[in-house]
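The values are calculated or read from the model by the stated rules, or taken from the named source; none is laboratory data. Not measured: the values here are computed from a predicted model. Here the Cβ positions follow ideal geometry from the backbone for every residue, glycine too, while neighbour counts run over all protein chains shown.
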Amino acid sequence: MRIVHRFILATAMLAGAAHAAGFPDKPVHLVVPLAPGGTTDIVSRLIADKMSVSLKQPVVVENRPGAGGTIASNYVANSSPDGYTILMGTIGTMAIAPAMYPSLNYDPDTAFDAVSSVSTGQFVVVVNPDVKANTLAELIALARKKPGSLNYGSAGNGSTPHLGMELLKQRAEVSMVHVPYRGSGPMVTAVASGEVQVGMPDIPSALPFIRAGRLRALAVTGQERASFDADVPTVAESGFGDFDVSVWLGIVTAKGTPSDDIEKLNEAVRYALADSEVKKKLIELDSFPKPSTPNEFAAFSDSERLKWKSIVDAADARIK
């Protein structure tokens, strides 16, 4: 009986070693939780192309949009933990959705193993040019003078532009009326047309309108001024010291994936983000490479979930 047990143990160890040595020996699928054409999809395809070179196997981008990215997240959470199915996690799927929805089909705390963060970007507070505010301070003063008179658009209930504006309202102690739209595109168009007065879109969505003079940029929401205009201050510089609403992407895989596989995937992400052409294209999207260790990305994701839970709770924005 002992001989049989030893044989089984030895076989399992050899199989594990063979798997680690041979990974990957077939294509890896990078699941994107949003539709083709958006910033997340563009970044995913940039990264996948270069990861393929490092891994010596194709990294195939597979778009699975729907339900705010939770369909794709659940799919990867329930996939085989072998490193062949990975998810481009977003701030929405990894940090905001757990706070917004009382019952998800996946739990980011227990469903995934972190691979690496990928990139970080930011949003921009914009107003219609007819709004008599040239700075964020002037917008806040206007909102305080006439509570509830300003409407702000978002990319939908529970989107980062929605909750980012709610955080700004909380910090500034002002009242503005939320008007949700179906995505950043319709929201930006609504602010530009004057249908609503204020918005906090991602920079790539807003930039054509800002350059055309159809939107006025008041402040960016990250920790550094944006590359499109160094004269536009951050929200923190505008009187809200630790304000930071960043949009981020990072890769995860199903819980239980062998650590050696995760390490190879991490190396492939680092290889991709070190490529000069990838860096250039990310910066054109006002997105910046942010490689990390698996542990660093796991810790960052945990902190973001706590942060956004407190914002959702304070705004009473949970989907009931």
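Observations, loosely collected:
- Only one of VAL53, VAL76, VAL60, VAL28 that is touching a Leu at 6+ places or on another chain (Cβ under 8 Å), modelled with pLDDT of 95 or more and surrounded by fewer than 18 Cβ atoms within 10 Å (Cβ to Cβ): VAL60
- Taken as a whole, the stretch 181-199 holds at least one residue that is under 15 Å from the mean Cα position of the chain (by Cα) and crowded, with 23+ Cβ neighbours inside 10 Å.
- As a summary of the residue check, ARG318 satisfies the conditions (1) surrounded by fewer than 18 Cβ atoms within 10 Å (Cβ to Cβ); (2) part of a helix (DSSP H, G or I) except for the one numbered (2).
- Exclusive hit being farther than 16 Å from SER116 by Cα and either of a type outside the set (Gly, Ala, Ser) or touching a Gly at 6+ places or on another chain (Cβ under 8 Å) (or both), set LEU273, LEU265, LEU249, LEU218: LEU218
- Selected residue (criterion: surrounded by the most Cβ atoms within 10 Å (Cβ to Cβ)) from residues of the stretch 228-242 that are farther than 27 Å from ILE42 by Cα and free of Cβ contacts under 8 Å to residues at least 60 places away in the same chain: ALA236
- Any pair with Cβ under 8 angstrom, 6 or more apart, that starts in the stretch 294-314 at a residue that is touching a residue at least 40 places away in the same chain (Cβ under 8 Å) and ends at one that is part of a helix (DSSP H, G or I) and of a type in the set (S, T, N, Q): PRO294/ASN266; ILE311/GLN170; ALA314/GLN170
- Contact map, the stretch 30-47: residues that are in the same structural domain as LEU265 (by TED's automatic domain parsing) and within 19 Å of ILE96 (Cβ to Cβ) paired with residues that are assigned to a helix (DSSP H, G or I) and among the aliphatic types (A, V, I, L, M), Cβ distance under 6 Å, separation 6+ or inter-chain. Pairs shown: VAL31/ALA72; VAL31/VAL76; PRO33/ALA72.
To keep it simple, each residue is scored yes or no on (1) in contact (Cβ under 8 Å) with a residue 40 or more places away in the chain; (2) more than 20 Å from the chain's Cα centre (by Cα); (3) under 30 Å from ALA219 (Cα atoms).
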site: ASP244; (1), (2), (3): no, no, yes
site: VAL252; (1), (2), (3): yes, no, no
site: SER259; (1), (2), (3): no, yes, no
site: LEU265; (1), (2), (3): yes, no, no
site: ARG270; (1), (2), (3): yes, no, no
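- All of (1) out of contact with any strand residue (DSSP E or B) (no Cβ under 6 Å at 6 or more places or on another chain); (2) at positive phi hold for GLU296 with one exception: (2).
- Looking at ALA143, ALA97, ALA114, ALA155, just one residue is in contact with a Lys or Arg (Cβ under 9 Å, 6 or more places away or on another chain), in contact (Cβ under 8 Å) with a residue 40 or more places away in the chain and crowded, with 20+ Cβ neighbours inside 10 Å, and that residue is ALA155.
- Checked against the criterion of being within 26 Å of MET100 (Cα to Cα) and crowded, with 21+ Cβ neighbours inside 10 Å, the stretch 267-288 contains one or more residues that satisfy it.
- Leading residue by the ranking (farthest from THR110 (Cα to Cα)) among those in the stretch 201-227 that are over 20 Å from the mean Cα position of the chain (by Cα) and buried (at least 16 other Cβ atoms within 10 Å of the Cβ): ARG214
- Residue list for the stretch 170-187, restricted to those being in a helix (DSSP H, G or I) and without any contact (Cβ under 8 Å) to a residue 60 or more places away in the chain: SER184, GLY185, PRO186, MET187
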